[in-house]
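J.: Sharing a structure below in structure tokens format, with a few things to ask.
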Amino acid sequence: HLVDLRERFVVNDAPVTPADLDRALGRVFEAIDHLLATGVLRHPPTFFEATTALGFDLFRAAGVQVAVIEVGLGGRFDATNVIAAPVGAITTIGLDHQQQLGSTLDAIAFEKAGIIKHGMRVVVGRLDAGPLEVVGRVAHDRQAHLVEIAGTPVTSDLIDGQAHVTIETSHHRYGPLALGLRGAHQVDNAVVAVHVLEGLQAAGVAVPERAIEAGLRDVSWPGRLEWCPLGHDRAILIDAAHNPQG
């Protein structure tokens, strides 16, 4: 999060309220104390493990029916990997967190492929040949349906850092529209998102095409290629990514 912990837990476009956060924190801390006292946990959970439990509890209390859960680090041993999602995504694979995930792209790909569950649909972005083979092998072993974005017809023009795109899948044509997120790399990310949402439709969750287009167009992500006009023909471009893929 950039400013407030509540940014991590968004329900219906709004961060959870401070009161809801406090109540959920109380339940999580009580559970941690009980598990430590009874020896179920040998050590206190990490910050991310505790906030993952906090998020799940907040979503349960809010009656959330569909949630987008972002992996924290890797995938195979990540705290979020206790869920059995019908659809998942691996957008890109770069050298990141090498001390924990491995020193090669193939090794990191294996960790990220750990999110793949039996029979699920997994959408992959533009991966190098080695990582793609690793992910494909895991998907095959788990009888998961692999969706590669490489064959998706896309037209795009970059105007002042903002991509204007048309995306065609076997189900629908999206656009032309201007992506809300800046940067050429967001074109591939948008194609991944479209296929994830179409996968959600296949899983029985109705997501209208107009809603997908609105999401691509209206999404906001503070701190990632955020364009901040200052007036008098001056501006600042703010970005918090910590590797080229970000």
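J.: For a quick size check, give me the Cα extents of the range 27-139 along its three principal axes, largest first, whole Å.
T.: 47, 33, 20
J.: Could you tell me whether the range 154-246 comes out rounded, prolate or oblate from its Cα gyration tensor? Rule is a ≥ b ≥ c as square roots of the eigenvalues, rounded for a/c under 1.5, then prolate if a/b exceeds b/c, otherwise oblate.
T.: Taking the square roots of the gyration eigenvalues as a ≥ b ≥ c, the range 154-246 is prolate.
J.: Helix-only estimate, please: 222 nm mean residue ellipticity of the chain, summing -39500 (n - 2.57) across DSSP H runs of length 4 or more and dividing by its residues, to the nearest 500.
T.: -11500 deg cm²/dmol
J.: Could I ask something else about it? Alpha carbons only, please: Rg and Dmax for the chain, in angstrom.
T.: Reported Rg and Dmax, both Å: 19.5, 63.
J.: Sticking with this one: How do 155-168, 44-57 rank on mean C-beta neighbours within 10 Å, highest first?
T.: Sorting 155-168, 44-57 by mean packing, highest first, produces 44-57, 155-168.
J.: Asp4 versus Ala206, label points 7 Å from Cα toward the beta carbon: distance in nm?
T.: 3.3 nm
J.: To continue, here is another question. Let me test this: with uniform point scatterers at the alpha carbons of the range 1-54, what is the Debye-based log₁₀ I(q)/I(0) at q = 0.19, 0.21 1/Å?
T.: -0.70, -0.80
J.: Moving on. Over the chain, give the accessible area per residue in Å² for a 1.4 Å probe, as an integer. Let's see the in-between values first.
T.: Details: 14700 Å² over 246 residues.
The answer is 60 Å² per residue.
J.: In Å and from the alpha-carbon atoms only, list the Rg and Dmax of the range 158-204.
T.: Rg, Dmax (Cα atoms, Å): 11.4, 38.
J.: Given Cβ point charges of +1 (Lys, Arg) and -1 (Asp, Glu) and nothing else, what value in debye, to the nearest 20, does the dipole of the chain about its Cα centre take?
T.: 440 debye
J.: Using Cα springs under 10 Å in a Gaussian network model of the chain, which residue among Gly204, Gly88, Gly114 shows the largest mean-square fluctuation?
T.: Ranking Gly204, Gly88, Gly114 by mean-square fluctuation puts Gly204 first.
J.: Can you tell me the orientation of helix 129-141 relative to the chain, as the angle in degrees between its alpha-carbon axis and the longest Cα principal axis, to the nearest 10?
T.: On a 0 to 90 degree scale, this one is about 60.
J.: Still on this structure: How large is ³J(HN,Hα) for each residue in the range 154-159, as worked out from phi by the Karplus curve 6.51 cos²θ - 1.76 cosθ + 1.60 (θ = phi - 60°), to whole Hz, x for Gly and Pro?
T.: So the J values, rounded to whole Hz, are 9, 10, 8, 10, 9, 10.
J.: Carbon-plus-sulfur fraction of the accessible area of the chain, 1.4 Å probe, in percent?
T.: Answer for the chain is 54 percent, counting heavy atoms of protein chains only.
The values are calculated or read from the model by the stated rules, or taken from the named source; none is laboratory data. Computed from a predicted structure; not experimentally measured. All Cβ positions, even for glycine, are placed from backbone atoms using ideal geometry, and neighbour counts span all protein chains on display. Note: areas computed on protein heavy atoms with side chains; ligands, DNA, RNA excluded. Shrake-Rupley method; radii C 1.70, N 1.55, O 1.52, S 1.80 Å.
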